Amino acid sequence: MKNILLLFLFLFTFSNLSFAQKDYYFPGETFSEDIPSPYSYLGYHVGEWHTRYDRMVGYMEKLAESSDMAELKTVGYTNQLRPLIVLVISNASNINNLENIRNNHLKLVDPKVNMPDVSNMPAIINLAYSVHGNEPSGGEAAILSAYWLLASQSDKAKEIRDNAVVMIDPAINPDGRDRHTNWANMHRGFPPVADPLDREHNEIWPSGRVNHYWFDLNRDWLPLAQVETQSKIAWYHTWYPNVVGDFHEMGTNSTYFFEPTKPFGSENPVVPRKNYDEINNKFAGYFSKALDEIGSLYWTKETFDNSYPGYGSTYPDIQGGLGLVFEQGSSRGHIQSSQRGDITFQFTIRNQLKISLATMEAGVKERIYMHQYLREFFKTGMDEAAKNSVKSYVFGDEYDESKNRLFLKLLLDHKIKVFDNDRDISVKGKQFKKGKSWVVPTSQPQYRMVRTMFEKVTEFADSVFYDASSWTMALAYNVPFEGQPGFAAGKEISSLEMQELTFPETGNYVAYMVDWSDYFAPKFLHAIQSAGVHVESNALPFTSLTDQGEKEFPAGSLIIPTAFQKLNAAELRNVLQVAAKESGQNVFASTTGFSKAGIDLGSNNISAIQVPKVLMLVGQGTSQYESGEIWHLMDTKVGMPISKVDLSAFGRLNLFEYNTLIMTSGNYSSLSSGQLTHLKDWLSRGGTIIALRSASQWLQSQGIIQEEYLSIKEETTSASKPYASRRDESGAQAIGGSIYNAYLDNTHPLGFGYRVTEIPVYRNTSIFFKPSKSPYQTPVRYTENPLLGGYISPSNLEKVKQSASVLVSPVGRGKVINFIDNPNFRGTWFGTNKLFFNAIFYGDKI
Ligand SMILES: [Zn+2]
């Protein structure tokens, strides 16, 4: 009884506290009784709890069932199988007529089609929330925005329903959002605790910001490495919204941010000036009015980078729409103290709601203007293409069919037109073969995306970058490419057809062989090793007479002798055939071990490939992104399970059960001296450590490796500078993310599978190691003129020129493979992934 009374008192107090919430969010509004309110569905007022994603979806379903003005679409699924939804809201006649509206709207993006009459065309407005799962106010505002738009009896809501199709993504990253939702709810106090140090406000590793694979989805709109973004982009190109709102949160002590962003430095070079100079300011008027009405403070024109096309607020700018980033100072939890007093979850939600409504209002008021701009964007793209001296880009890697196809898929997913190359050509000394290369004309509606994929930019209006300053995707894929002054090609390709593969007829073979040059060769190797196949590899090249004629096998090829196998001949053949099909590999076979050139198949320069037993240290202290990139890479590109062991569990580890240890950037100082001794012992007895970036610094600080840092004496000056300039000065010294050319030793096991001796690498660190003192242990080092794209200060560029990108430090019988640049950056550096694969499969051969 006492308990029931307490519960009653508790509920009473609780609902009393929140009873005024309708007035808080929607003062003076009348709502239709036919539409269920968030409270009636959730059982609490928005802002009292963090709403679980399944409940959010449930409410959106309920809205769609209750009204003929809403339709719910599922556009994909997350890795954890949560549906990715878009709730479409407009008046009933528009909802019944969506396909016609869409087809009419799409005429705006095709300059070849006559301009449709836009006077009655609704604005297409996409409100997208909480791409960072631990920035939760957006998702809650989505619930209120959807309710308001469907149920409000106001003229304003009616005007929006009649003149816009509003598409609400309540959460772009549901897997991450639920991680944070559970965290905030499970630590909620009664009353809630505002102390910023309370556990509620401090998530553990991995944070809700990232998705299942610990990726930041707000960097993925260009690379499309993750399923959430792949689905989003496929959907995006069916609608080309006029306006896209991208709702975030920032530090608790900040107020609210909306665009315009900082002029020039944070703007994308291919976006028309009109977007920044005119449209952003036009929309800013609506946002400032909305927040002024409730006395909420805000800022604009400072920071927040808007240049990298992988942001959800930048990509729409390269698709003829207006992408808008919104940032609310976070309560991260239910209430948190800030410099301006306590910030409640409700307060953050209300600001996001006001801005959501203002975005819809602006989209409707500027509807005709935005339609004309969408048309103009694609038209001026064609005009600019006509002035560009580069008329087409030709690309293709003769030896890596899988990587070609991955790059082709990226281009097609971004709706770039690609054609077969129907002749052998040579451009600036590079050979492009018929059937193994493709041509992208610059004169096409997606001209600005073509530039994004292929252009190298080294000149900038500003020197302070919040993120990447270069993103040339053709360099990230390391696909040979060149611009050319003409355009000639075969037929346009619309989809990727199945690859034609070769596999030997049944025969009496001495060995099967697979070239290691293909991107998915490691997937093949892992599959057959898992099936118990004994595999060897050559340290020097040879030419064999195979079932397909004479073929050269460079160092690092896979050799599968038919002798020494546990499987019988038929079983072996079957395993190889299945693995080859699944990984897209060509398999060759020879009836003799006697080579036409180079070493024979029984040579001492051919040795067994050890089966990797890989452990990656993860958790607090290590890099969430780098660990996620490796996990995702090994799962999706190799199909190989790796043990992810928490750094705090190191004490329970027996390293001798593994042969390869991955250490991502981070702080490993939590290891005890006993644990350190175990690590050193394992290493010196033959273990391989793959260390990324600051992990190498830590190993150096512990004396485990003895390399040399590069230091260049910089000119010091005692001249005074304005205090206010100090941030920009230090920002200019940071290396935000840029692309460099490096020499590659492809005779080194880490260089196996590469047919080139120079490769582009991605650097976003200021760690500079000198090349190894051993002449053989710096397989990747920068060239004398290394900058390919992006911003770097002159003094940092000097350091880059003299430093190593990858170097190996032998330690006893083991070694540390140091990656000073991240070979797996954002799941998109296909060109350097092979260096990492080599570290895993060939690490013991160094
Ligand atoms: Zn964010």
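Read the figures in this text as sums done on the coordinates, not as results from a lab. Small disclaimer: the values here were computed from a predicted structure and weren't measured. With ideal geometry, Cβ positions are generated from the backbone for all residues, glycine too; neighbour counts draw on all protein chains shown.
Using the C-alpha atoms of the stretch 563-624, what convex hull volume per residue, in cubic angstrom, is computed? Each step should come with its number before you reach the end.
Working: hull volume 12.4 nm³, N = 62.
Hull volume over Cα atoms, normalised by residue count, gives 199 Å³.
Using C-alpha pairs under 8 Å with a sequence gap of at least 6, the mean separation divided by the residue count of the chain gives a relative contact order of 10 percent. Every Cα-Cα pair in the stretch 143-211 was counted, and those over 13 Å apart are 72% of them. The slack between GLU29 and PHE264, meaning 0.36 nm per residue of separation minus the straight C-alpha distance, is 80.5 nm. Here, the stretch 286-377 yields an orientationally averaged convex hull projection of 7.1 nm² when only Cα atoms define the hull.
A simple count of charges around PRO192, restricted to other residues whose Cβ falls under 14 Å of its Cβ and scoring Lys, Arg +1 and Asp, Glu -1, yields -2.
Amide H to amide H distances under 5 Å link THR78 with LEU84, where only residues 5 or more positions off or on other chains count and H is placed in the peptide plane.
Distances over 54 Å make up what percent of all Cα-Cα pairs in the chain? Could you put the intermediate results ahead of the total?
Working: 59052 of 357435 pairs.
Looking at the chain, the distances longer than 54 Å represent 17 percent of pairs.
Under 18 Å of direct C-alpha separation, and excluding same-chain neighbours fewer than eight residues apart, LYS430 reaches these aspartates and glutamates: ASP397, GLU398, ASP400, GLU401, ASP420, ASP422, GLU455, GLU482, GLU758.
First check a/c for the stretch 636-754, with a ≥ b ≥ c the square roots of the eigenvalues of its C-alpha gyration tensor; if it is under 1.5, answer rounded, and if not, answer prolate when a/b is larger than b/c or oblate otherwise.
Numbers: a/c = 2.19, a/b = 1.63, b/c = 1.35.
It comes out prolate by the Cα gyration axes.
Within the stretch 717-846, the percentage of alpha carbon pairs spaced more than 24 angstrom apart rounds to 33%. Excluding residues on the same chain fewer than 8 positions from LYS417, give the aspartates and glutamates whose Cα lies under 14 Å from its Cα. Of all the aspartates and glutamates, those that pass the test against LYS417 - Cα under 14 Å, at least 8 places apart if same chain - are ASP110, GLU492. On the basis of the beta-carbon distance and an R0 of 56 Å, THR238 and SER673 show a calculated FRET efficiency of 0.40.
If each DSSP helix of 4+ residues adds -39,500 (n - 2.57) and the sum is divided by the residues in the chain, what number results at 222 nm, nearest 500 deg cm²/dmol? Don't skip to the answer; put the middle values down first.
Working: 24 runs with 269 residues, N = 846.
The helix-only estimate for the chain comes to -9500 deg cm²/dmol at 222 nm.
Protection proxy ranking for 132-145, 416-429, 154-167, using the average of other Cβ atoms within 10 Å per residue and placing the highest first: 132-145, 154-167, 416-429.
Where does each of SER40, SER517 land when they are ranked from fewest to most other beta-carbon atoms within 10 angstrom? Intermediate results must be reported in sequence, preceding the final value.
Numbers: SER40 10, SER517 22.
Final ranking by Cβ density, sparse to dense: SER40, SER517.
Beta bridges assigned by DSSP with both partners in the chain are antiparallel in approximately 65 percent of cases.
Ordering ARG726, ARG755 from the fewest to the most neighbouring beta carbons within 10 Å gives ARG726, ARG755.
Beta carbons within 10 angstrom, averaged per residue: use that to sort the peptides 202-208, 440-446, highest first. All intermediate terms of the calculation are to be shown ahead of the outcome.
On the way: 202-208: 17.0, 440-446: 21.6.
Put in order of decreasing packing, that is 440-446, 202-208.
When the alpha-carbon atoms of the stretch 208-335 are used, the pair Rg, Dmax equals 15.0, 41 angstrom.
With r as the distance between the Cβ atoms of GLN372 and ALA732 and R0 = 51 Å, compute the FRET efficiency 1/(1 + (r/R0)^6) and round to 0.05. If you can, show how the numbers build up before the last one.
Details: r = 39 Å, r/R0 = 0.76.
Using R0 = 51 Å, I get an efficiency of 0.85.
With respect to the chain, whose longest principal axis is taken over its alpha-carbon atoms, helix 345-365 is tilted by about 90°.
Put simply, the convex hull of the Cα atoms in the stretch 559-717 casts, on average, a shadow of 15.5 nm². The residue list PHE395, VAL109, THR300 was ranked by how far each Cα lies along the charge dipole of the chain toward its positive end, using unit charges on Cβ atoms, and PHE395 comes out on top.
Using square roots of five times the C-alpha gyration tensor eigenvalues, list the equivalent-ellipsoid semi-axes of the stretch 13-105 in whole Å, biggest first. Working shown, then result.
Values: eigenvalues 161, 77, 19 Å².
Calculated on Cα positions only, the semi-axes equal 28, 20, 10 Å.
Exposure proxy for LEU411, LEU406: other Cβ atoms within 10 Å of each Cβ, ordered fewest to most, give LEU406, LEU411. For the stretch 206-354, the tally of Lys pairs with Cα-Cα distances below 22 Å comes to 11, considering only residues 8 or more apart or on different chains. Taken as Cα centroids, the stretch 173-241 and the stretch 650-723 sit 30 Å apart, rounded to the nearest whole angstrom.
Any chance you could list the semi-axes, whole Å, largest first, of the equivalent ellipsoid that the Cα gyration tensor gives for the stretch 110-232, using √(5λ)?
Working: eigenvalues 245, 101, 14 Å².
Here the semi-axes work out to 35, 22, 8 Å.
Summing charges over neighbours of TYR373, with a neighbour being any other residue whose Cβ is under 13 Å away from its Cβ, gives +1 when K and R count +1 and D and E count -1. Axis angle, to the nearest 10 degrees, between helix 227-239 and the longest C-alpha principal axis of the chain: 60 degrees. Counted over the stretch 397-480 with a bin width of 10 Å, the fraction of Cα pairs per bin, in whole percents, is 15, 45, 30, 9, 1.
Pairs of Lys residues in the stretch 550-661, spaced 8 or more positions apart or belonging to different chains, with C-alpha separations under 19 angstrom: 4 in total. Neighbours of PHE656 by Cβ distance under 11 Å: Lys/Arg scored +1, Asp/Glu scored -1, total 0. Taking Cα atoms only, the orientation of helix 401-413 departs from the longest principal axis of the chain by about 20 degrees.
Just the ratio, please: alpha-carbon radius of gyration of the stretch 43-162 over 2.2 N^0.38 Å, N its number of residues. Don't jump to the answer; show the numbers that get you there.
Details: Rg = 16.3 Å, N = 120, 2.2 N^0.38 = 13.6 Å.
In units of the 2.2 N^0.38 Å rule of thumb, it is 1.20.
Evaluate E = 1/(1 + (r/R0)^6) for THR783 and LYS433, where r is the Cβ-Cβ distance and R0 equals 25 Å; express this FRET efficiency to the nearest 0.05. Write out the running numbers ahead of the final one.
Working: r = 26 Å, r/R0 = 1.05.
The calculated FRET efficiency here is 0.40.
Quick check: residue separation of SER494 and ARG55 times 0.36 nm, minus the Cα distance between them. What number comes out in nm? Provide the component values of the computation, followed by the final result.
Values: separation 439, 0.36 × 439 = 158.04 nm, distance 3.91 nm.
Computed gain between SER494 and ARG55 is 154.1 nm.
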